[in-house]
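**Q** Right, I'll just put the structure down here and ask away after.
Values in this text are rule-based calculations from the coordinates and carry no lab data. Note that the coordinates shown come from a computational prediction; the quantities given were computed from them, not determined experimentally. Cβ placement follows ideal geometry from the backbone for every residue including glycine, while neighbour counts extend to all protein chains displayed.
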C-alpha cells in the first residue's frame with residue numbers, strides 16, 4: 001500500500017485534515033501530535049480546539065483544565081453544552097425559569 005505524504009499538501013488542506021481528525025477522534029489527534037514536529041504545530045493551532053469533541057474524551061484520561069478553558073474560549077460546542085448543564089444545575093433552574 002502506498003502512503004500519501006500529507007506534508008506535501010498545501011498548509012490549508014493540512015489544517016482541514018487536522019480539524020476533521022480533531023472532530024472525530026481525540027486520541028487520534030494526540031497520536032498525530034506525537035508523530036512529528038510539523039504535525040504537532042498543526043495540531044496546536046488555535047482553530048483546532050473548536051473542533052474537539054470534548055464529550056468523547058475517554059473518562060480514564062484526565063483532560064487538562066487548560067485545554068477545557070481553551071476550548072470554551074473558542075466557543076467549542078461540546079464545552080458550551082457542558083457549561084450550560086453546569087450552570088443549569090448550579091443555580092437549580094427549572095424549565096419554566098429558562099422560558100421566562
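**Q** In a Gaussian network model over the chain where Cα atoms closer than 10 Å are linked, find which of 22, 41, 73 has the largest mean-square fluctuation.
**A** The residue with the greatest mean-square fluctuation here is 41.
**Q** Oh, and also: Counting other beta carbons within 10 Å of each Cβ, put 53, 2 in order, fewest first.
**A** 2, 53
**Q** Then there's this: Calculate for the chain the 222 nm mean residue ellipticity that helices alone would give, adding -39,500 (n - 2.57) per DSSP H run of length 4 or more and normalising by residue count, nearest 500 deg cm²/dmol.
**A** -17000 deg cm²/dmol
**Q** Still on this structure, I have one more. Calculate the translational D of the range 35-80 in whole µm² s⁻¹ from Stokes-Einstein, where the hydrodynamic radius comes from the Kirkwood formula applied to all Cα pairs, the temperature is 20 °C and the viscosity 1.002 mPa s.
**A** So the translational diffusion coefficient is about 190 µm²/s.
**Q** Using a 10 Å cut-off around each Cβ, can you sort 44, 74 from fewest to most neighbouring Cβ atoms?
**A** Taking fewest neighbouring Cβ atoms as first place, the list is 44, 74.
**Q** Based on the alpha-carbon gyration tensor of the range 8-48, what equivalent-ellipsoid semi-axes (square roots of 5 times the eigenvalues) come out, in whole Å, largest first?
**A** Calculated on Cα positions only, the semi-axes equal 14, 12, 9 Å.
**Q** So how much slack lies between residue 67 and residue 12, counting 0.36 nm per residue of separation and subtracting their Cα-Cα distance, in nm?
**A** Taking residue 67 through residue 12 to full extension adds about 17.5 nm, to one decimal.
**Q** How are the C-alpha pair distances of the chain spread across 10 Å bins, as whole percents from the shortest bin up?
**A** 14, 40, 25, 14, 6, 2, 0
**Q** Then there's this: Angle, helix 77-90 long axis vs. longest principal axis of the chain, Cα atoms, 0 to 90°, nearest 10?
**A** Relative to the chain, helix 77-90 is tipped by roughly 20 degrees.
**Q** Okay, moving on. List the relative contact order of the chain as a percent without decimals, with contacts defined as Cα pairs under 8 Å and 6+ residues apart.
**A** Dividing the mean separation by the residue count of the chain yields 21 percent.
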